[in-house]
Structure formats: C-alpha cells, structure tokens
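Here's the structure, in structure tokens; my notes come after.
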Amino acid sequence: MSYDVAIVGAGPAGMSAAIRLREFGASVVVIDEQPSPGGQIFRGIERNASSPVFPALGKDYQKGQALAAAFRVSGAEYLPSTQVWQIEDGWNLYLTAEGKAQRIAARAVLLANGAQERPVPFAGWTLPGVMTVGAAQILLKSGGMLPEGKVWIAGAGPLPLLYATQLLNLGGRIAGFLDTSTPPRLSALRRLPGAWRDFGGLLKGLRWLRGIKRSGIIVRGFSDLRAEGNEHLEHLTWEMEGKRHRVEADVLLVHEGVVPRIHETLALGCAHHWNDEQGYLAAKVDRWGESSRKSLFVAGDASGIGGWLAATISGEIAALGIAGRLGISSETDRLRKRAHLDRRRKRALALRPFLDAMYPPPRNRLPDDVIACRCEEVTAGAIRAAARNSPADPSAVKAATRCGMGPCQGRQCGYTVQALLAEVHGLPVSEVRFFHIRPPLKPVTLGEIASLEKADRAT
Amino acid sequence: MSADVLIIGGGLHGLSAALQAARRGAAVQLVERHFLGRHASGATAAGVRTLGRDGAELPLSLEAARDWHDMEGLVGDDCGFVACGQLQVAEDELSLTKIEMRIKRLQAMGHFHEQMVGPDEIRSLLPGISAHCLGGAWVSSDGSADPHRTIRAFRDAAIRAGVDIIEECLVTALTRSATGWRAETSRGVFEAEIVVNAAGAWADHVSHLAGDPLQHEIRTSMMVVTERSASRIKPVVGSFGKKLSLKQTSQGTFLIGGGSQGKLAADRQSATVDVVALAASMQAAVRVFPELEGVRIVRTWVGMEAMTSDHRPVIGFSQQVEGLIHVFGFSGHGFQLVPSVGRVVADLICQGHTNHDLDAFCVSRVSIERVAA
Ligand SMILES: Cc1cc2nc3c(=O)[nH]c(=O)nc-3n(C[C@H](O)[C@@H](O)[C@H](O)COP(=O)(O)OP(=O)(O)OC[C@H]3O[C@@H](n4cnc5c(N)ncnc54)[C@H](O)[C@@H]3O)c2cc1C
Ligand SMILES: Cc1cc2nc3c(=O)[nH]c(=O)nc-3n(C[C@H](O)[C@H](O)[C@H](O)COP(=O)(O)OP(=O)(O)OC[C@H]3O[C@@H](n4cnc5c(N)ncnc54)[C@H](O)[C@@H]3O)c2cc1C
C-alpha cells in the first residue's frame, strides 16, 4: 500500500494532523499500537465516554471525545493495534498486526508518537509493587482499575497530581505523597508573568494539590528514598532532617516527568538538540515541524514536551507543512495565519516555562548499588566501572556491561548511562552521545519478519 | 611517541598481533579510531568454527582451534568459549551430497574433524529441528565464544604484556622516513619501525595512506538477537548453502546471522539494516526451527568488515613499501582465526618471516595495479 502521508500515533497531534491533511484531500494512514484513538491523554476515550469513569477523569480528558469523533469521520485510514517497528528512507514503514508483518510506503512521514515517562532509577525501583504513575493511569483509563492497599506516590510534575485527583474522584485512597520537587525557585517564579496568561492551567494545579492534602500526608524535603521488601514492596524509607523514616506500603507509584520518544528519530539519523533544563533530547524541527530529514515531520510531545493542547496545534501546523512539502497546497502560510495557529500555540505553551523550571529532572548522584538497566540488571556501579575503562561512548559501556541490550532498547537506561558517562569523564551531559538505535523499534517476532513478502527472492 | 611497531586497528586481529609481539619483547603501540571492538570484532557472531573452512585457511584454523580450548593459558580467561559443537544441516539431497563430498576430500587430506551425521543424530542433537532436515556435518570440538569478553581478555592481556593502547585515535597520515614510519593521528604523532594495517573495513584507506594502495569490498553482515527463552539449542547451527547461522547464548537469547547483507552508506563509513534481506535469514531460521516462530527480536545490527574476492584474508608484508604488514579481509570468518593469525603477524614483526605458508593470503591479490591489469 502506498499513501501520501503516514502518521505514527493517533494521539492529539496525530489525529489533528490527519484531519487537516484529509481536508486537503491527501491520502493518509494513521498507525497506532493502541486499540482505539486518543494517545496518552485521551486513552480509551470512546469506550470511557459511556462509563462511570468518565466524569472522574476531568474536563481536559472529556475534550478528547470531539477530536476522536472528527478523526473517525476524516477519511484517514486508521490501523489500530498495529506497531511500527522500522522506518526506512524513502519512506517505507514496516508494521505488524495480529502476527503479520507488512510494509507500506508514503511520500511523507509524521511522527506523532508522543512521550514516555522519564525513567528514574532509585533503590528498589524494580521491586514488584513499584510502578510508574503513567502505568497506573493506563490501568485506570483502560479498565477503571485502582491500586489497592497503602498507596504511595513519589515524584513531581503535573501527572502525579492529576492522577491522584482522578483516583480520589473514583473513591481511591492515597496513604501519602512524597513530593520530590524542589521548592519553587526564583527561576520558576520569574517565569510566572508568562504563565499567568494561562490562569486556567495554574488554578487546575492548585485544585489538584488541595485534593491530595485532604486525602493523605504530603512529605517534602527528603532524600534517598528506598523501596524495600522481599518478593514484593513492603515498606518505604527515606532520609529527612538527619533521621531515617519508614512507612508501610503496598504500592508505590513514581513519576518524574515525561520526555519525548526519540528512538524513531535517532534511528533515522535526524539532528537532535539537548534540552538542558529538562534533561532530554528532541529532534530539531523547523517552523513546520520538519526534521533535519526532508519529508520527515515530528509533532506533539515527540518534538518537545508541550502538553496535549500544544500537541493538537503542532499537529495542524505539521499537516500544513506536509501539504506544502508535497505540493498539495501553496497557501500554507496564509492558512497558518488564518487559523491563528501560532497565537494559539503560544497560549497553549504559556505555562510550560514555569512547569519546566518548577520540575527539573532529579540530578542527585545515583548510588553504586542501584540497578540502572532493568532488562540486564546492570548497576550504576558496574556502569561507572566500565566507563572508567573506556571512552565516553555509550556503545562501549553497552558492549562491556550488556546495559541497554535488553528488550527496552535503552528506553529505560539511555539517559542514566549518558549521565554516568558524563560524571565519570567530567563532561557536560550534552556532549555524551545517546545509544545507537537499531531496528526493530518494537519487538517483532521471527515469524513476523519471516512473513514479509518478497523475502524469498533475497535467499 | 615512538615504538617498534604501530598497530592500526583495535579489533581482535590488531589486539592479538599486539599481544604476541609484545610478549616477544617488541615495544608495541596500538591505536583505535573509536573504541576497542567497535566494528567487526564487537559485531561478530563469535562462532569458533573449523567446519567448512577453506582448505587454505585450514592449517591456521586447526592451530587456532587448539588455542580456543586453552584460552586461559593464552590470555588468562576462557573468553566465554564453549565447545558446544557446530552442526551444518542439509535441507535437501543436493546439499547432503555436497557435504559428503567435502568430508571425503578432507579425509583424503588426513583431516578427520568433520563427521557426517544422519537424521537421527541431528534430531538427538537438536530435538526441535524440522523434519525436512536430512543430516549434515558435525564438529564436536567447535563452538562459540563471547565476543566482548574476548575483546576484554585480549585487551587486558595485551596491556599486561606492555602494549600501549590509545582509543579514539584516528590515523590520518603515514609517511616513511629513513628509519621507519611517522604516523599523524587525531592524538598526535607516532613513530615506529613497522606499521601493521589491521584496520578491518577501512584497511584499503590505511593502505592508501601508506602508499601501497589496495582494494577490497566491504561486507555488511546483519545479526539479530532475540529475547531470552528456555534453553533448547546447544550447538551452533548453520544450513548448507543458506543464509543461516544460529546459536543460543548462555543468556538464553538466540543470535541469528548467516550473511544476509545490510546497506552500505555511500561514504563507506557506516551501514544500516535491510529488513527485506533480513527476512531471508529469519525464514531460514523458522524453517529449520519452527518453534522459534513466536520468539521476539530485540535488536538487529550490521557489522562491517573487509572482504576479498576469494574470501580469504590478506596476511603479509607489503610488496610496495618497506616495514608495512597487512592483516585484514577476513570476509566474515576471522574470529576463530584470531589466536593463530596473531602469532603469524608477530612472526613477521619480530623475525621478518614465518614458517606458515602465506601464499594463499598474499597481498598482490588485492593490489590495485594487479586488479587493473
Ligand atoms: C504515560 C503517560 C500518561 C499521560 N497522561 C496524560 C494525561 O492524563 N493528561 C495530560 O494532559 N497529559 C498526559 N500525558 C502527557 C502526554 O504526552 C500528552 O501531552 C499528550 O498525550 C501528547 O500528545 P501526542 O499526540 O503528542 O502523543 P500521545 O498522546 O502520546 O500519542 C502518541 C501515540 O503514538 C503511539 N505510538 C508511539 N510509538 C508507536 C509505534 N512505534 N507504533 C505504533 N504506535 C505508536 C502511542 O500508542 C500513542 O497512542 C501523559 C504522558 C504519558 C507518557
Ligand atoms: C556480523 C558478523 C558475524 C561474524 N561471525 C563470525 C563467526 O561466527 N565466526 C568467525 O570466525 N568470524 C565471524 N565474523 C568475522 C570476524 O568477526 C572478523 O573477521 C574479525 O572480528 C575481524 O577483526 P579485525 O580486527 O580484523 O577487524 P575489526 O574488529 O573491524 O577492527 C578493525 C578496527 O580498525 C579501526 N580502524 C579503521 N581505520 C582506522 C584508522 N585510520 N585509525 C585507527 N583505527 C582504525 C576500526 O575502528 C576497527 O575497530 C563475523 C563478522 C561479522 C561482521
């Protein structure tokens, strides 16, 4: 099959881009591994609309209903429950669904593949009972499931607050919230004037916090959090004011912000830039969302964390960019102005500098005994030892320790390895490369690859 | 900085030559442009195989086989070598006949390491093997090693023997003086009496720098590694005439290759995976082991290595310039040869000659003048 545009991701960015591109009459395919449209924020939106969970998920979530409905009738071909596991120049996309692999071709590709939670290793993070807030929220959105027992949340950023509120709305309980954010620093406050343009956003944050205070304890200013237990999480301990504190816990939900998904753009050799404040890499894009590679566009949180509303608008902008690139429209500048896309995006991003300054990634030194690579169970100490014996290149550490060789392909340990190499070699993190990313982007079976047509000719 | 010998290339062949030469008293400087084992030696399947070796390579291969059984003695670590055997199966009658003929030829030459095995034997070696496999060749003392552990072991042994290793050091110019070589690198100037070109896929480039222009192709063999799975396959398995080589590692992952080629970038500096070509190896894998169909692939990669037209390496002195030794072009099967070839290169460095017959590996095969003529 061959299309004008292939879009990876049916979240806010991918859906709005698809809708816009269909208005130009382009042939569009949208691929997403989820069974229904919505992306991270609007996960399960169609099914949840008629469920008791719906009101509890909040106003923002409900806004996804109209977008998903418009996407459904846009005429874009939609391939749900389908994974993109390789993208080749030209462009060819390799997909699998229901155990079968196939290849599709497109003149342009839009990566609207969103964000992932920032992995933050600490003592005990691999213990059953410890999971991320995002994973818990997925359970909530896809089946109304709530964690049971003594539930603790540790972390910082808007998502833990939002999730806690959603949980409380549904009658769940929280034993306590370990707030890892540093007290608002001057740098954060200095950005407030910009943020005030988004009153709504700020008020939301305050409302969320009040709800949590009513339900449990809030702990601030602690260090060295440890999750402990034999087979399963049993208690948490932390250091505060020179004393070790200890509480019982059945579930610990952690979260330290989200970072763009970069495996796709790294694998394709796109230029990236380092966001020092938030400590992540993102593909460099021009004002239309086009990456350093012609006809390869990136929109939404995949090109830098901006939240769902900014994602929707950047999806529209990328759609115009693609229409221009493919010669489908010559009016893209005018259309961009007419829809006030830049002004709307600026507004949607107003709170972002404040949030970014308020919630920097944790930068404390990782103890040697903490596991950095979950897949291969490699500790920070082992990575430091390998780093001392090799140039500041993550591939060398990978070869020496197996770190990053597992099924997550370094999605869990990539930034940790980078930071440890920088620490050992006394370099700024931005000067250390990320892992080389090799296909497949998603695990695919031998049988699925074997099923690709034309393979016989190559034997 | 000055040394007796400057070895260009920190793959296993550079390291092995460095180790052996240093043990015989030479002052050895080794430079590697990236990090040790960044290319073929780190990308390799690390099969330790005498099975199916080209006749000209066999003496070096059989000598190396003895080394592999005592790597502790050679480098102080077993390099993860396991003598799990190598099996080459025949999927059709013609392949079976060709294997039989090869084994007869070997026996006529007095070599008995390869044995013919029938359908029952292959099924007892490999319970999961597909019923259509008819038999094959078996070498019980072959096996496989852990490439990264091998690199570390050779590096550590070389350092103990006094080799000076510098990584992230790219050689950019080589000039000959009355007494030897002057090498300009990204990390300064080095002087040495002898230069060894062990630059793998970039040996042609180094040969040009040294004024002895050679040419070779670049092989871009792809590898696949899967998730972990219950242990079921012990030997390394290949299929005669097919692009398949498969083993299960000590971690439980399957490592699958067999020579399907990736895409070489136009500047010959890198290569990328070609999924459609890879599908050929995956088809062969599930054809021979149907139960692997549902196993998930975790990672793929491409390893780059110099390849000659007769698939034999180049080992020996330059015939154009003095004090230059070439060792490259292993064409996809040089891992097993590392211990013995290192000794041969050290012979050349320290004595100026070797007792091994290197005719089949001579440099003139790849010299540009000869190819042009
Ligand atoms: C776990 C998690 C939970 C979040 N929850 C919220 C929330 O409740 N509220 C909020 O405001 N923000 C939330 N966010 C932030 C989120 O990033 C939003 O800002 C928003 O969803 C971004 O929209 P997007 O279109 O850029 O990407 P997303 O909405 O993330 O959509 C990307 C889509 O791409 C698909 N995809 C990615 N790679 C592939 C592939 N290789 N093959 C097939 N499909 C692929 C994914 O399945 C996903 O559906 C969450 C983020 C994360 C990581
Ligand atoms: C995918 C794959 C599978 C294989 N499987 C097997 C197998 O199962 N069994 C087997 O016996 N063999 C196998 N081989 C072959 C074997 O791995 C190689 O023959 C062997 O590793 C070659 O080692 P080398 O030192 O010659 O080359 P390399 O390891 O490539 O080393 C050459 C080094 O030279 C460096 N260099 C280049 N130019 C310069 C310069 N100008 N300055 C400084 N440094 C420079 C490079 O960076 C490189 O690190 C396989 C090879 C591949 C790629």
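Aliphatic (A, V, I, L, M) and away from ligand 1 (no atom under 16 Å from the Cβ): does that describe A:Val247? Working first, answer last.
On the way: aliphatic (A, V, I, L, M): yes; away from ligand 1 (no atom under 16 Å from the Cβ): yes.
Answer is yes for this residue.
Taking the stretch A:131-151 as the range and being within 12 Å of ligand 1 (Cβ to nearest atom) and among the β-branched types (Val, Ile, Thr) as the test, the residues that pass are A:Thr132, A:Val133, A:Ile138.
Set side by side, the residues B:Asp156, B:Asp142 differ, and just one is touching a residue at least 60 places away in the same chain (Cβ under 8 Å) and touching a Lys or Arg at 6+ places or on another chain (Cβ under 7 Å), which is B:Asp142. As a summary of the residue check, B:Ala65 satisfies the conditions (1) within 16 Å of ligand 2 (Cβ to nearest atom); (2) outside any helix (DSSP H, G or I); (3) not hydroxyl-bearing (Ser, Thr, Tyr) except for the one numbered (2).
Within the stretch A:284-302, being polar (S, T, N, Q), more than 16 Å from ligand 1 (Cβ to nearest atom) and open to solvent by less than 30 Å² (accessible area, probe 1.4 Å) holds for one residue alone: A:Ser295.
Scan the stretch B:50-57 and give yes if some residue there is among the acidic types (Asp, Glu), over 20 Å from B:Gln248 (Cβ atoms), crowded, with 23+ Cβ neighbours inside 10 Å and more than 16 Å from ligand 1 (Cβ to nearest atom), otherwise no. Give the derivation first.
Just the residues of the stretch B:50-57 that are among the acidic types (Asp, Glu), to begin with: B:54, B:57.
Filter once more, so that each one left must be over 20 Å from B:Gln248 (Cβ atoms): B:54, B:57.
Then keep just the ones that are crowded, with 23+ Cβ neighbours inside 10 Å; that gives B:57.
Restricting the remaining residues to those that are more than 16 Å from ligand 1 (Cβ to nearest atom) gives B:57.
Yes; the residues of the stretch B:50-57 include at least one that is among the acidic types (Asp, Glu), over 20 Å from B:Gln248 (Cβ atoms), crowded, with 23+ Cβ neighbours inside 10 Å and more than 16 Å from ligand 1 (Cβ to nearest atom).
Does B:Ile233 satisfy the condition of being among the hydrophobic types (A, V, I, L, M, F, W, C) and either in a loop (DSSP other than H, G, I, E, B) or open to solvent by less than 10 Å² (accessible area, probe 1.4 Å) (or both)? The answer is yes for B:Ile233.
Condition first: within 14 Å of chain B (Cβ to nearest Cβ) and either outside any loop (DSSP other than H, G, I, E, B) or β-branched (Val, Ile, Thr) (or both). Now tell me which residues in the stretch A:371-387 satisfy that. It would help to see each step written out before you state the result.
First, pick out the residues of the stretch A:371-387 that are within 14 Å of chain B (Cβ to nearest Cβ): A:373-378, A:382, A:385-387.
Within the stretch A:371-387, A:Cys373, A:Val378, A:Ala382, A:Ala385, A:Ala386, A:Ala387 meet the criteria.
What do you reckon, is B:Gln283 touching an Asp or Glu at 6+ places or on another chain (Cβ under 9 Å) and open to solvent by 20 Å² or more (accessible area, probe 1.4 Å)? Here the answer is yes, as B:Gln283 does meet what is asked.
Sub-6 Å Cβ pairs linking a first residue in the stretch A:432-452 that is within 14 Å of A:Pro407 (Cα to Cα) to a second residue that is assigned to a loop (DSSP other than H, G, I, E, B) and modelled with pLDDT under 90, at least 6 apart or interchain, are A:Pro443/A:Pro407, ordered by first then second residue. Before we move on, is A:His235 touching a Ser or Thr at 6+ places or on another chain (Cβ under 7 Å), more than 13 Å from ligand 1 (Cβ to nearest atom), away from every other protein chain (no Cβ under 14 Å) and farther than 22 Å from A:Arg344 by Cα? So A:His235 does not fit the description; no. Within the stretch A:38-77, the set of residues being among the β-branched types (Val, Ile, Thr) and touching a strand residue (DSSP E or B) at 6+ places or on another chain (Cβ under 9 Å) is empty.
Which members of the stretch A:29-38 meet the condition of being out of contact with any helix residue (DSSP H, G or I) (no Cβ under 6 Å at 6 or more places or on another chain) and near ligand 1 (Cβ under 9 Å from one of its atoms)?
Narrowing the stretch A:29-38 to residues out of contact with any helix residue (DSSP H, G or I) (no Cβ under 6 Å at 6 or more places or on another chain): A:29, A:31-35.
A:Ile31, A:Asp32, A:Glu33, A:Gln34 - these are the residues of the stretch A:29-38 that are out of contact with any helix residue (DSSP H, G or I) (no Cβ under 6 Å at 6 or more places or on another chain) and near ligand 1 (Cβ under 9 Å from one of its atoms).
If we keep just the residues of the stretch B:18-41 that are surrounded by fewer than 24 Cβ atoms within 10 Å (Cβ to Cβ) and under 30 Å from B:His113 (Cβ atoms), which is nearest to ligand 1 (Cβ to nearest atom)? In this case the residue turns out to be B:His39. Taken over the stretch B:156-179, the criterion of being away from every other protein chain (no Cβ under 12 Å) and crowded, with 20+ Cβ neighbours inside 10 Å is satisfied by B:Ala157, B:Ala158, B:Val163, B:Val171, B:Leu174.
One line per residue, one yes/no per condition, for (1) within 9 Å of ligand 2 (Cβ to nearest atom); (2) polar (S, T, N, Q); (3) not assigned by TED's automatic domain parsing to the domain that holds B:Ala153:
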position	(1), (2), (3)
B:Arg33	yes, no, no
B:Ser41	yes, yes, no
B:Arg53	no, no, yes
B:Glu91	no, no, yes
B:Leu96	no, no, yes
B:Leu106	no, no, yes
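With the structure loaded, tell me whether B:Arg219 is surrounded by fewer than 23 Cβ atoms within 10 Å (Cβ to Cβ) and of a type in the set (Lys, Arg) or whether it fails that test. For B:Arg219, the condition - surrounded by fewer than 23 Cβ atoms within 10 Å (Cβ to Cβ) and of a type in the set (Lys, Arg) - is not met.
For the stretch A:32-57, enumerate the residues that are among the hydrophobic types (A, V, I, L, M, F, W, C) and either at positive phi or assigned to a helix (DSSP H, G or I) (or both). Talk me through it step by step, then tell me what you get.
Applying the first criterion (among the hydrophobic types (A, V, I, L, M, F, W, C)) to the stretch A:32-57 yields A:41-42, A:45, A:49, A:53-54, A:56-57.
Result: A:Ile45, A:Val53, A:Phe54, A:Ala56.
Kindly indicate whether B:Leu337 is open to solvent by less than 10 Å² (accessible area, probe 1.4 Å) and in contact with a strand residue (DSSP E or B) (Cβ under 8 Å, 6 or more places away or on another chain).
Values: open to solvent by less than 10 Å² (accessible area, probe 1.4 Å): yes; in contact with a strand residue (DSSP E or B) (Cβ under 8 Å, 6 or more places away or on another chain): no.
In short, no.
If the condition is being within 10 Å of A:Glu376 (Cβ to Cβ) and at the interface with chain B (Cβ under 10 Å from one of its Cβ atoms), then the stretch A:388-406 contributes A:Lys398, A:Thr401, A:Arg402, A:Gly404, A:Met405, A:Gly406. Only one of these is in contact (Cβ under 8 Å) with a residue 60 or more places away in the chain and away from chain A (no Cβ under 14 Å): B:Ser16, B:Ser41, B:Ser95. Name it. Answer to the selection: B:Ser16. So which residues in the stretch B:279-321 are within 22 Å of the chain's Cα centre (by Cα) and of a type in the set (S, T, N, Q), if there are any at all? Correct list: B:Ser281, B:Thr300, B:Thr308, B:Ser309, B:Ser318. Filtering the stretch B:260-280 to residues that are surrounded by fewer than 17 Cβ atoms within 10 Å (Cβ to Cβ), small (Gly, Ala, Ser) and touching a residue at least 24 places away in the same chain (Cβ under 8 Å) leaves only B:Ser270.
Considering only the stretch B:64-80, how many residues are over 14 Å from B:Asp156 (Cα atoms) and open to solvent by less than 30 Å² (accessible area, probe 1.4 Å)? Spell out how you get there, then give the answer.
Of the stretch B:64-80, the ones over 14 Å from B:Asp156 (Cα atoms) are B:64-70, B:80.
Those still in the list that are open to solvent by less than 30 Å² (accessible area, probe 1.4 Å) too: B:64-65, B:67-68, B:80.
The number of residues fulfilling the criteria is 5.
Counting only helices (runs of 4 or more DSSP H) that sit completely within the stretch A:129-199, those holding 1 or more residues that are open to solvent by 30 Å² or more (accessible area, probe 1.4 Å) and modelled with pLDDT of 85 or more correspond to A:133-143, A:158-169.
Taking the listed residues B:Ala153, B:Ala199, the one that is within 14 Å of chain A (Cβ to nearest Cβ) and among the hydrophobic types (A, V, I, L, M, F, W, C) is B:Ala153, with no other qualifying.
Filter the stretch B:286-297 down to the residues that are touching a Gly at 6+ places or on another chain (Cβ under 7 Å) and open to solvent by 10 Å² or more (accessible area, probe 1.4 Å), then identify the one that is nearest to the other protein chains (Cβ to nearest Cβ). Among them, the one singled out is B:Glu293. Of note, A:Asp368 satisfies the criterion of being more than 9 Å from chain B (Cβ to nearest Cβ) and either open to solvent by 20 Å² or more (accessible area, probe 1.4 Å) or over 30 Å from B:Ala279 (Cβ atoms) (or both).
The values are calculated or read from the model by the stated rules, or taken from the named source; none is laboratory data. Everything numeric here is computed off the predicted structure, so don't read it as measured data. Quick reminder, even Gly has a Cβ in these numbers, built from the backbone with ideal geometry, and neighbours come from all protein chains shown. Please note that ligands, DNA and RNA were not included when accessible areas were found on the heavy atoms of the full protein model with its side chains. Shrake-Rupley method; radii C 1.70, N 1.55, O 1.52, S 1.80 Å.
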